[in-house]
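Some notes on the structure that comes next.
What follows draws every value from the coordinates through simple rules; no lab data is involved. In this text, all values refer to a predicted model and were calculated from it rather than measured experimentally. Note that we place each Cβ from the backbone using ideal geometry, even for glycine, and neighbour counts take in every protein chain shown.
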Ligand code: GDD
Ligand code: MG
């Protein structure tokens, strides 16, 4: 069986001030009328009811959004604190093998856009037909983005069009990313995985035994109430956080990759959202009560007040009830520094 696992623990700080700790980007209707979580849940539900792993703070919002989308989860697995993706995947794997020792996990980030659901489903089928325990989904690496994992493509494996992964490099520095893009032998890791659950547990047992022991305890002592599975706080909090990319994917030598050609994009920043949005002939995207005179290549969004802009070029303006961001669009990766500063100031 394939068990979809939706990861919804991130906070999306580069989309401040819209994305907040209390209401992160995956729960906002940023691309279309449904949130990215809801869109992800639809892709998952086409396969099977998903395990949704999320933080305690978001459990009711998430349950309500899934109810509205008509995509009930198999369970909402609640983390007492965020410990990055490896423990979340490990706990989901432990729960899945209990029911089916042969289970496979389709790990799905909750904050991505996938335009073509049918193409996504075909890529999942292709991954499922690949004789490898650990399968990634690769997207053409078009820019030297340092926030992604890079997959060096190797020999074909199996009949389904998959390739062996020669090497997986998570978040390279800029020079390395530039050489990968120039070389033409790398794809971006989409952050979606098809894992044989037993194999990912074996890898963690070999490489991160402490983490796996704590996850085992957190699952064994979990408190189940209705659809909510509360991982036990004491063992889970003791885990040292790490992503599955660093904990496992960088170290295995028999993983495979299938191409994902489904209009994938990681809505990681305002400029990414701008690229994904409809634009007027001057390259502007205007959302909400906004008036723009003689502006170009700008993303201007208001959740409430009337916003008027004159003569902007390449600027991001986001107005909410209680905060306004004005930023050079080319520097919008630095928006997370604003959030860090605010957090430091308490
Ligand atoms: N449940 C849970 N708990 N989910 C989490 C946690 C956590 O502690 N931390 C992150 N997530 C969720 C995020 O909400 C997101 O949906 C997904 O897991 C991936 O986490 P990110 O923090 O967004 O990872 P990343 O973007 O830095 O890198 C990953 O995705 C890239 C593609 O977007 C990696 O897999 C890269 O290799 C990949 O290129
Ligand atoms: Mg991400």
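Give the Cα extents of segment 188-239 along the principal axes, in whole Å, largest first.
37, 25, 19
Once R0 is set to 41 Å, what does the formula 1/(1 + (r/R0)^6) return for the Cβ-Cβ distance between residue 341 and residue 100, expressed as a FRET efficiency to the nearest 0.05?
That gives a FRET efficiency of 0.30.
Ignoring solvent entirely, what values of log10 I(q)/I(0) come out of the Debye formula for segment 87-165 at 0.23 Å⁻¹ when each Cα is a single scatterer?
For segment 87-165 at q = 0.23 Å⁻¹, log10 I(q)/I(0) is -1.34.
Can you tell me the equivalent ellipsoid semi-axes for segment 10-74? Use √(5λ) from the Cα gyration tensor, largest first, whole Å.
20, 13, 9
Over all directions, how big on average is the projection of the convex hull of the alpha-carbon atoms in segment 147-294, in square nanometres?
Result: a mean projected hull area of 14.7 nm².
Based on the Kirkwood radius over alpha-carbon pairs, what value in µm²/s does the Stokes-Einstein equation return for the translational diffusion coefficient of segment 215-291 at 20 °C and 1.002 mPa s?
After rounding, the answer is 120 µm²/s.
May I ask for the equivalent-ellipsoid semi-axes of segment 250-346, computed as the square root of five times each C-alpha gyration tensor eigenvalue and listed largest first in whole Å? Could the numbers behind the result be given before it?
On the way: eigenvalues 188, 84, 25 Å².
Ellipsoid semi-axes (Å, largest first): 31, 20, 11.
So if the hydrodynamic radius of segment 1-118 is defined as the Kirkwood radius over C-alpha pairs, what does Stokes-Einstein give as its diffusion coefficient at 25 °C and 0.890 mPa s, in µm² per second? Show your work: numbers first, answer last.
Working: Rh = 14.3 Å.
Estimated diffusion coefficient is 172 µm²/s.
Angle, helix 335-344 long axis vs. longest principal axis of the chain, Cα atoms, 0 to 90°, nearest 10?
Taking Cα atoms only, the helix is inclined about 80 degrees.
To the nearest Å, what is the center-to-center distance of segment 37-88 and segment 205-220, using C-alpha atoms only?
22
Which residue, 310, 31, 324, tops the fluctuation ranking in a GNM of the chain built on C-alpha contacts under 10 Å?
Top of the fluctuation ranking is 310.
Once R0 is set to 30 Å, what does the formula 1/(1 + (r/R0)^6) return for the Cβ-Cβ distance between residue 224 and residue 21, expressed as a FRET efficiency to the nearest 0.05?
0.70
How big is the shadow of the Cα convex hull of the chain, averaged over all directions, in nm²?
Reported value for the Cα convex hull: 17.9 nm².
With the chain treated as a Gaussian network of Cα nodes joined by springs under 10 Å, which of 73, 305, 235 yields the largest mean-square fluctuation?
Taking springs between Cα atoms under 10 Å, the residue moving most is 305.
Find the centroid of the Cα atoms in segment 96-146 and in segment 272-288, then give the distance between the two in whole Å.
29
Could you compute how fast segment 129-194 diffuses translationally, taking Rh as the Kirkwood radius over C-alpha pairs and applying Stokes-Einstein at 37 °C with viscosity 0.692 mPa s? Give it in µm² per second.
My calculation gives 273 µm²/s for D.
Given the Cα-Cα distance of residue 237 and residue 143 and 0.36 nm per residue of separation, how much length would full extension add, in nm?
30.2 nm is the gain from fully extending residue 237 to residue 143.
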